[in-house]
Amino acid sequence: MGETDSITATNANRSFSALLRRIKLGEAVTITERGVPIARLVPVGGADAGDDEAARRREAALRLLAHLEAEPIAHIGKFDRNELYEDE
């Protein structure tokens, strides 16, 4: 995670919840306006630089989130709670 990702202020505003999830996972993000860096979001009290296990977990979580966000939404139709628990 040596390099900081950047995002435009407009896109940061549009996807603020997703941006906060990335920050919670330990990622630092630079916010730009017209290509100029104006702010940097970093996690509060992030893991120590020597904490390899925490860094591996953050990386794995970020890869999983990226994979899930790239997957198409499955449209399985309508169902109700009772159908989920029917005995066969």
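Side notes on the structure shown:
- Remark: Ile23 falls outside the filter, which requires a residue to be hydrophobic (A, V, I, L, M, F, W, C), surrounded by 13 or more Cβ atoms within 10 Å (Cβ to Cβ) and modelled with pLDDT of 90 or more.
- Residue tally, condition over 17 Å from the mean Cα position of the chain (by Cα) and surrounded by fewer than 10 Cβ atoms within 10 Å (Cβ to Cβ), over the range 51-71: 1
- Residue selected from the range 26-50 under the condition surrounded by 14 or more Cβ atoms within 10 Å (Cβ to Cβ) and out of contact with any helix residue (DSSP H, G or I) (no Cβ under 8 Å at 6 or more places or on another chain), by the criterion modelled with the lowest pLDDT: Gly46
The values are calculated or read from the model by the stated rules, or taken from the named source; none is laboratory data. Note that the structure is predicted; figures quoted are calculated from it, not measured. Virtual Cβ from ideal backbone geometry, glycine too; neighbours counted across all protein chains shown.
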